[in-house]
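Read through the structure below, which is laid out as structure tokens, and then see the notes.
The values are calculated or read from the model by the stated rules, or taken from the named source; none is laboratory data. The shown structure was predicted, so the numbers you read here are calculated from the model rather than taken from an experiment. No Cβ is skipped: glycine too gets one built from the backbone with ideal geometry, and neighbour counts run over all protein chains shown.
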Amino acid sequence: GAPMVEMGFGTVGPHEEAEVLDPTLMLVPLAAFDARGHRIGYGAGYYDRAIARLAEKGITPRLIGIAFDCQEVERVPEENHDVIIVEILTESGLRR
């Protein structure tokens, strides 16, 4: 029921005074992923920061990566702070 406002890039979102909802499920877009659940996003760190903010609140949403089969690579380089995505949905189905 919150009014929507222009957010940039041709998108709209709720006004800054709208109630903040903490998700129990997040669909995470992937640029690349490997069978271990490591991923490369699209470079802005938006999802990493959102997941970290939720973790600080003690919230652990179900994370599902969204990609195409052709985006799977042998191994994604990892860093200590990386969040592993244990479920990845592609056109072939849900991988766990």
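Checking each residue in segment 1-30 for being farther than 17 Å from A50 by Cβ, among the aliphatic types (A, V, I, L, M) and part of a strand (DSSP E or B) picks out M4, V5, V12. Based on this model, can you work out whether L54 counts as in contact (Cβ under 8 Å) with a residue 24 or more places away in the chain, under 15 Å from L89 (Cα atoms) and surrounded by 12 or more Cβ atoms within 10 Å (Cβ to Cβ)? In short, no. Tallying residues that are among the aromatic types (F, W, Y) and closer than 17 Å to V76 by Cα within segment 10-46 yields 2. Checked against (1) aromatic (F, W, Y); (2) at pLDDT 90 or above; (3) loosely packed, with under 12 Cβ neighbours inside 10 Å, Y42 passes all but condition (2). Quick check on segment 62-96: of everything there that is of a type in the set (D, E) and either out of contact with any helix residue (DSSP H, G or I) (no Cβ under 9 Å at 6 or more places or on another chain) or modelled with pLDDT under 95 (or both), which residue is nearest to F33 (Cα to Cα)? If we take residues in segment 62-96 being of a type in the set (D, E) and either out of contact with any helix residue (DSSP H, G or I) (no Cβ under 9 Å at 6 or more places or on another chain) or modelled with pLDDT under 95 (or both), then E72 is nearest to F33 (Cα to Cα). Quick check: is even one residue across segment 19-37 surrounded by 11 or more Cβ atoms within 10 Å (Cβ to Cβ) and modelled with pLDDT under 90? No, because not a single residue in segment 19-37 is surrounded by 11 or more Cβ atoms within 10 Å (Cβ to Cβ) and modelled with pLDDT under 90.
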